[in-house]
Structures are given as C-alpha cells and as structure tokens.
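The values are calculated or read from the model by the stated rules, or taken from the named source; none is laboratory data. Here the structure is a predicted model, which means the values were calculated and not measured. Cβ coordinates were reconstructed from backbone atoms using ideal geometry, including for glycine residues, and neighbour counts include every protein chain displayed.
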Amino acid sequence: MLGTALQRVLTEQGARFVAPPESEFDITDQAAVHKRVAGFANSLQKGERGVLINAAAYTNVERAEEEPDLASLVNERGAVNLARAAHESGLGFVHVSTDFVFDGLKEGAYVEDDVPHPLSVYGQTKLDGEDSVASENPDALIVRTAWVFGPGGTNFPVKILEAARTRPSLQVVTDEVGSPTYTIDLAAGILSLVGVHAHGVFHLAGSGSCSRFELAQRTLSLAGIDTPVEPVTSDEFPTTVARPMNSVLDCSQAAELGVTMPEWSDALERFIGEIEA
C-alpha cells in the first residue's frame, strides 16, 4: 500500500523515482541490493539528492508466529541490506516501522522515547529492524505508523466494506484504539520529513484516534451502508497473536518540524470517496 502511495505522491510532485516490484528486487539478497542501489545512485545528476525509502515488510502478523525466520529475514536483515547500501552509495535512507513495537498498555499516546515492548514476532522483528538500521546507518530516518489504509492492499476499512455487503450484521471490537493512517497522507508526510532532512525516529499517523468499532461505523456511514455493527470486546475474538490495545501515536515531534498529518476521519472520507467512485 505504501509503495503505491509513494509512487502516486512522487508523480504528483514531479519527482524522478525508481520503484522496482518485489519480483525484480529481493531486499534479502545483499549483493543484488547493493548493485541496484548503486545503479540508482550513479544515475543521479550533479547536485541531485537521492533517497532510498524502504516500504517493504513482512506484515502478516499471524503467519509471522509460524514463520519467525522469514519475518526476521525481511524485517531485519532486508532492512539492514538497504540501510547499508544507501549509506555506501551516499543516499539518504528512510525505514518504515510500526506501532507493534509497543505493548499497548500505556495510557495516552506513545511518544518516540517510550520504551518499546513488542508482544509478537512481527513486532519484535520490526523493532530489530529499527535497531539494526540505526546501528548501520546513524543518519537514517525511521518512521513509525499505525492502522494503515489506502489503495493497493488489504486493510481494515476495505475488509469492513466487504463483510458488510455479505453479512446481515457485524461485530467489531471497542477496546482496541489507534490512529488510522491514510497511505497517501503518510507518503506525503514521509517526503516532507525527507525535505527537512529529518533523521532519527519519528511518529507519523492520522491525527486523532478512535476504536476499531468507531472506525467501522464511520466507514459504513461514508459508504452509505446500513449494516448493523455490534460493539464487542477483543475477548470475543480469541487469537494466537497479542496485539497492542493502544496504538495511538503522538506525532508532535514531526509537527515541530512543520510536518502534520490530516485528521483520520477526513482522510477516511477521501479514501472511501475514491474507492466508491
């Protein structure tokens, strides 16, 4: 989803970019990564600034519990390969991470300096990726985000719409709270942080927060679907993977640099309008 959004925003901004598909660019292959990144760096004109953005990740939270080595290979080793290649080629580097590095037990929004405590293999491999990237490339920009939705991939609002069109009613949890984030806004936010030469860890997520239940209600309302939604607790949906109950991210550090994210509900309205059209 993020790769799709980055290409769209970069095109709108008139930027020159290369976006190789997964089938042609295996980030876990160190030699291939070095060759491809060096080739891009060598294509830059004098005075041009090049940046490598890692929008790739192993994101299947459930399957990561069964494939921890593969999740680690992509989320940690692949990220390191990219960070090293960018550093050696003189490129800026952006690594995208997640709210899953936290346990979700905090009252209030998470800030960048809060101590991570992942509850899952996915969260741990993403944290390992953060740590390894920072060690390999101290000038890297690490962006944590949460509850991402947008064109080009599977996401919660789309799942809700699909379910509402095939079921008489839905049950959605009320005790998971987060900051829904539109990929188009996230892509623009990342590029804005790049533009002000930010480095270190930053949070970028939709402004405000809501529960999964509230997000589902708002999604159906915007789509004009009247399927009933029943609020339930997460206990009603037993799972093998622990998820953070609180995924709200404080983005004030980015705001201090002039980079702000639109309110999640307005972003959702833009997204639903686009897919409904």
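Data for the structure
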| item | result |
| --- | --- |
| First in region 91-110 and in contact (Cβ under 8 Å) with a residue 40 or more places away in the chain and on the phi < 0 side of the Ramachandran plot, second anywhere and among the aromatic types (F, W, Y) and part of a strand (DSSP E or B), Cβ under 8 Å, 6 or more apart | D99/Y110; F102/Y110 |
| Single residue of D185, D139 found to be among the acidic types (D, E), over 17 Å from the mean Cα position of the chain (by Cα) and under 20 Å from Q253 (Cβ atoms) | D139 |
| Test: A32 is surrounded by 19 or more Cβ atoms within 10 Å (Cβ to Cβ) and either farther than 19 Å from E130 by Cβ or not basic (K, R) (or both) | no |
| Only one of P151, P157 that is assigned to a helix (DSSP H, G or I), out of contact with any Cys (no Cβ under 8 Å at 6 or more places or on another chain) and in contact (Cβ under 8 Å) with a residue 40 or more places away in the chain | P157 |
| Output for region 48-64, where each listed residue is part of a helix (DSSP H, G or I), more than 16 Å from the chain's Cα centre (by Cα) and surrounded by 16 or more Cβ atoms within 10 Å (Cβ to Cβ) | A64 |
| Qualifying residue in region 68-84 (condition: modelled with pLDDT under 95 and either in contact with a Leu (Cβ under 7 Å, 6 or more places away or on another chain) or acidic (D, E) (or both)) | no |
| Residues that are buried (at least 24 other Cβ atoms within 10 Å of the Cβ), hydroxyl-bearing (S, T, Y) and not in a strand (DSSP E or B), drawn from region 176-204 | S179, T183 |
| Meets criteria (within 23 Å of A163 (Cα to Cα), part of a loop (DSSP other than H, G, I, E, B) and in contact (Cβ under 8 Å) with a residue 12 or more places away in the chain) for T219 | no |
| Considering residues of region 27-47 that are touching a residue at least 12 places away in the same chain (Cβ under 8 Å) and not in a helix (DSSP H, G or I) only, the residue farthest from G153 (Cα to Cα) | D29 |
| Search result, residues across region 18-29 that are out of contact with any strand residue (DSSP E or B) (no Cβ under 9 Å at 6 or more places or on another chain) and either surrounded by 10 or more Cβ atoms within 10 Å (Cβ to Cβ) or under 19 Å from S72 (Cβ atoms) (or both) | V18, A19, P20, E22, F25, D26, T28, D29 |
| Positions within region 237-264 being more than 13 Å from H203 (Cα to Cα), of a type in the set (S, T, N, Q) and out of contact with any Leu (no Cβ under 9 Å at 6 or more places or on another chain), in sequence order | T239, T240 |
| Residue match in region 65-79 (condition: in contact with a strand residue (DSSP E or B) (Cβ under 6 Å, 6 or more places away or on another chain), closer than 19 Å to Y122 by Cα and assigned to a helix (DSSP H, G or I)) | yes |
| Within region 228-277, considering residues that are polar (S, T, N, Q), modelled with pLDDT of 95 or more and not in a strand (DSSP E or B), the one surrounded by the fewest Cβ atoms within 10 Å (Cβ to Cβ) | S252 |
| Exclusive hit being over 30 Å from E276 (Cβ atoms), of a type in the set (A, V, I, L, M, F, W, C) and either in contact with a Phe, Trp or Tyr (Cβ under 9 Å, 6 or more places away or on another chain) or surrounded by 19 or more Cβ atoms within 10 Å (Cβ to Cβ) (or both), set A134, A140 | A140 |
| Extreme residue, surrounded by the most Cβ atoms within 10 Å (Cβ to Cβ), among residues of region 111-131 that are part of a loop (DSSP other than H, G, I, E, B) and without any contact (Cβ under 8 Å) to a residue 12 or more places away in the chain | V115 |
